[in-house]
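Below is one structure, written out as structure tokens; the observations come after it.
The values are calculated or read from the model by the stated rules, or taken from the named source; none is laboratory data. Every value quoted in this text rests on a predicted model; they were computed, and no experiment measured them. Glycine gets a Cβ as well: all are built from the backbone with ideal geometry, and neighbour counts include every protein chain shown.
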Amino acid sequence: MRTIREILLTEYIGAILIAVLIADAFSAIITTVVGQISYHVQFAYATLGDAHRPSTSFLILGAITRSALYLISANVIARWLYPPRPDSAGSTESAGQT
């Protein structure tokens, strides 16, 4: 695991991976919203269009779940690759107290 962590840190692959996961999370939400809007605009008065399409709540729940998993994965990878430094947290607290 140390070798993988070193490769991800030295080649900036870890930062790129985190950015891609965050971008995918926003992309899933935006794609679902745009798809819902375009569907309702296109088939506003048609009743036959709903027969072969998953429900709106199913699609929205899928997008939210996917986005949550992407953001959780990005958070876990970021905390693993870039742990907080104990010195920097202590120095900011003591600087605020003086």
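A few comments on the model shown:
- First in the stretch 20-34 and farther than 21 Å from SER57 by Cβ, second anywhere and of a type outside the set (Ser, Thr, Tyr) and assigned to a helix (DSSP H, G or I), Cβ under 7 Å, 6 or more apart: LEU21/ALA74; ILE22/LEU71; ILE22/ALA74
- Candidates SER73, SER38 - the one that is assigned to a helix (DSSP H, G or I), at pLDDT 80 or above and surrounded by 13 or more Cβ atoms within 10 Å (Cβ to Cβ): SER73
- Checking the stated criteria, LEU9 turns out not to satisfy the condition of being part of a helix (DSSP H, G or I), aliphatic (A, V, I, L, M), over 25 Å from PRO83 (Cβ atoms) and at pLDDT below 90.
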